[in-house]
Structure formats: structure tokens, C-alpha cells
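What follows is a single structure, written as C-alpha cells, with notes after it.
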Amino acid sequence: MWPQKPKKTLPAPQPTAESPPLHDGIIHIRWIITKDYDSIIAIERESFDYAWTRAELTKFLKRHAHIGYVAVLNGEVVGYFLYELHPSHFELVGIAVHPQHRRAGIATKMMVELHKKMISRRGCVKLLVRETNVCGQQFFKSVGYMATGLVKGAYDECADDGVAMVKRRVEKVVDEKWLPVNRVGKYFEDASEQ
């Protein structure tokens, strides 16, 4: 029998002027188990036009190097994230929070958990977000991701293009002139200033 990993607990997020009232409980981030599948699929259907099916989720999680976590609040699954392990990086495949629990810091807590794993194991986290999902792009930018390019025809189920984004492990930089220039990301900065 495999040793059980201790449950990870994160304190509830602090309120901001634009956030809804926070929950009384503590957000627990833990591995996905089979009994979570129905909750994950329900969150998928509430969140996306092209939601995963239970069969697709099961197939994904049974594959080697495919990992999933859920955010649990007061015993209820309120969010999840899925990623793939690659030799040099993680690839975030999906993340969502139930609409009733959005803007309370849950997605940020899940990303913090993923980034803690990245720091010890891989050099970066990569992801693809729909070009039409501007809120998603802004969220990822807020947690340290940079847009690196546009992937034409990235999605089989629709004609949307994808914005490739990456968050690299922070290393000490001697001189900022050697940092990569993010031309695509500059577009988002310019648009947010208007």
C-alpha cells in the first residue's frame, strides 16, 4: 500500500473590494479521487461550452504522468486542475472553479499549489487558453504567466485559436537586458491601460 500524502490546507483568501463575501471554511487542495468525477464534470458543464465527459476525464487520469487535484471547501468540490508531467515542464490541461465560488481566491490557491510543485520538479508550467477567453488570459497573467504566441486551430471542437502562455521558475537574473521580450504579452498590457 502506498503511503498517503498529507492533506494540504490553505487559509481562506482575504477579501478585496471587488470580491464576493468569503467562505467560513478552509480550502483544501487534494488529489482527485473517483467520487469527485461527477462534481468535476458538473463544474466543467457550468464553465465551458465544450466540457469534458466523464469518460474523457477517466481516460485522462488513467494515463501515466497525468495528474489532477481538487479544491474542497466545507466538504464540497468547488474547483479542480489537471496537468501533464513532461521532462522539462508541466502542461496545465484544465482548471475551473464552480461559478458560485469564483472571485474568492480558489483558482489562485490552486495555481499556488501547482507552482510549488514546479519549483521543486520542473522548469516551467505551460498552458493554452482560448483566444476568446480574455478573462482566463487576464487571470493567468495575474499569477505570473506570459503570453508566448498564438496557436492557429488549436482546438478540435471549434475554430478558436489558442494563446500559448508560460510561467518559468524564477532564477536570479544578473542583468534584465537578457530577459526575453514578450511581444504578445505587451498587447495585453497596452489594452488594459486604455
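The values are calculated or read from the model by the stated rules, or taken from the named source; none is laboratory data. What you see is a predicted model, and the numbers here were worked out from it, not measured in a lab. FYI the Cβ positions are ideal-geometry reconstructions off the backbone, even for glycines, and counts take in every protein chain you see. Note: areas computed on protein heavy atoms with side chains; ligands, DNA, RNA excluded. Shrake-Rupley method; radii C 1.70, N 1.55, O 1.52, S 1.80 Å.
Structure values in brief
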| item | result |
| --- | --- |
| Solvent-accessible area of V97 with every protein chain in place, 1.4 Å probe, in Å² to the nearest 10 | 10 |
| For H89, solvent-accessible area (1.4 Å; no DNA, RNA or ligand), Å² | 30 |
| Extension reserve of the S142-W31 stretch, reckoned as 0.36 nm per residue once the Cα distance is removed | 37.5 nm |
| Positive minus negative residues near Q137 (Lys, Arg vs Asp, Glu; Cβ under 10 Å) | +1 |
| Residue order for C135, C124 - accessible surface, 1.4 angstrom probe, largest first | C135, C124 |
| Rounded accessible area of S142 (nearest 10 Å², 1.4 Å probe) | 90 |
| Coil-residue GluC sites (Glu not before Pro) of the stretch 112-173, DSSP, other Cβ within 10 Å capped at 10 | E157, E171 |
| Exposure ranking of W52, W31 by accessible area [1.4 Å probe, largest first] | W31, W52 |
| Largest to smallest accessible area among D161, D156 [probe 1.4 Å] | D156, D161 |
| Rounded to the nearest 20 debye, dipole of the stretch 24-112 from Cβ charges on Lys, Arg, Asp, Glu | 160 |
| Links that overshoot a 20 Å alpha carbon limit, given the list K126/K152; K141/K167; K116/K167; K116/K141; K35/K116; K117/K152 | K35/K116; K117/K152 |
